[in-house]
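Remarks on the structure that follows.
Coordinate-derived values only; no laboratory data. These figures come from a predicted structure and were not determined experimentally. Here the Cβ positions follow ideal geometry from the backbone for every residue, glycine too, while neighbour counts run over all protein chains shown.
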Ligand SMILES: Cc1cc2nc3c(=O)[nH]c(=O)nc-3n(C[C@H](O)[C@H](O)[C@H](O)COP(=O)(O)OP(=O)(O)OC[C@H]3O[C@@H](n4cnc5c(N)ncnc54)[C@H](O)[C@@H]3O)c2cc1C
């Protein structure tokens, strides 16, 4: 019999078991993992570097990085946020570094630093991990959870479901009457059929504005042209905030790009007219007045057939067309690709059925949830691990060994 069984050896389950065991030294804790690798996603995360968290530590700003879960996470971040994650690892002598974009990585640039720090702690605290144990069924009888795996049966007083985006995790939650918000992908890139800009693959644009046509969704940020369409922080963020809308559109929708970010059509047209007045004998490409990557400017000027013309030869209509192209360039998106560096599931256990003070189910006593199994997901930047650590910490510090002392 265990005081706590955790299903899933991901960051949320590992974190919860560490904090539970720290507070309950004599408790028996078991983590069941279906594969033979623990912390697999941490290992492969951030291209093997592990973007472990973010430097932003103001809970009110931090929550803005979560398209789903921002309301619930606010109070949680006052208990455990990115600063606490950084302290946790630095206290284990893992040196971390932050990039200008706020992402935090181990100084070693190797995710194994993070994996090993967590596993050392598991070892020190005498927490048992059983690998190759795929949980297939759970029931609760006489206040105890009976957990059946492919080859063994276990009993536990407390159960934490920390199965990430695995379908089985959702099935377990349903056994206890929880509602599952349909899981769909988040953090993906946009692909176009017959992509006109494919020769510009690799070109990055600073602070472009991308809007999904006929929707409320838009993002300002760095944009990357790929072989098949568009990627970069701006697109990933847009894919996250509009994940369900795009899913409902079956990934077929139009985007409008303002290559110059917040400058509008009038600003640009006026600037072009002004420039033409002052420099009638010059060509637009030579001057690159909007500071766009040269190949991209070339593409626009070529497509409007004004690349070889001096400004005096360019009509007002051409300048209007160019201003339009720069501020409202429409592309038809036909499919998506998963972002290789990081992806996450939108959807999961409905949040109002979980008490975020404890991460306990509101439907079943002593049943807890943490991490991506919940309907919480963040944009790229270390926010998804932070969700796993924060909810894992809250579950771990809320669970009790003594039945008379349970949180409800
Ligand atoms: C390629 C990639 C890169 C990423 N990079 C980053 C990054 O750099 N920064 C960031 O913040 N986020 C990143 N993420 C997202 C992040 O990995 C997840 O949000 C996070 O791992 C979720 O943690 P978790 O503990 O909830 O679930 P998981 O890490 O998914 O762990 C769940 C565990 O449960 C196990 N399990 C499932 N079902 C069962 C069962 N029936 N029985 C037993 N065990 C079971 C699984 O095998 C798994 O080990 C990345 C994701 C991917 C896919």
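Quick notes
- Mean separation of Cα contacts under 8 Å (6+ apart) over length of region 191-338, as relative contact order %: 30
- Estimated at 0.36 nm per residue, the fully extended path between residue 309 and residue 123 surpasses their Cα-Cα distance by 59.8 nm.
- Mean-square fluctuations from a GNM of the chain, with a 10 angstrom spring cutoff on Cα atoms, peak among 334, 387, 281 at 281.
- Residues in region 346-364 that a label on residue 71 would reach, taking backbone N under 16 Å of a point 7 Å out along Cα→Cβ: 347-357
- Here, region 145-235 has an Rg and a Dmax of 21.5, 60 Å when only alpha carbons are counted.
- Förster radius 56 Å - calculated FRET efficiency between residue 150 and residue 316, Cβ distance, rounded to 0.05: 0.15
- You can think of it this way: the chain between residue 179 and residue 249 has 22.8 nm of extra reach, that is 0.36 nm per residue less the Cα-Cα gap.
- Averaging Cα coordinates gives a centre for region 368-386 and one for region 37-66; these two points are 9 Å apart.
- Against the main long axis of the alpha-carbon atoms of the chain, helix 383-398 sits at an angle near 20°.
- log₁₀ of I(q)/I(0) at q = 0.09, 0.19, 0.20 Å⁻¹ - region 191-338, Debye sum with one point per alpha carbon: -0.29, -1.12, -1.21
- Overall form of region 218-278 per C-alpha gyration tensor (a/c, 1.5; a/b vs b/c): prolate
- With a Förster radius of 25 Å applied to the beta-carbon distance between residue 167 and residue 220, the computed FRET efficiency rounds to 0.10.
- The Cα center of region 217-241 and the Cα center of region 160-197 differ in position by 20 Å.
- Gain in span if fully extended, residue 141 to residue 262, counting 0.36 nm per residue against the direct Cα distance: 37.6 nm
- All Cα pairs of region 250-408, percent lying beyond 19 Å: 68
- Kirkwood radius for the chain, taken over all pairs of different Cα atoms as the inverse mean of 1/r, rounds to 23.3 Å.
- Spin-label model, residue 283 to residue 60: label points 7 Å out along the Cα-to-beta-carbon direction sit 5.3 nm apart.
- Pairs of Cα atoms farther than 20 Å apart, region 1-119, %: 50
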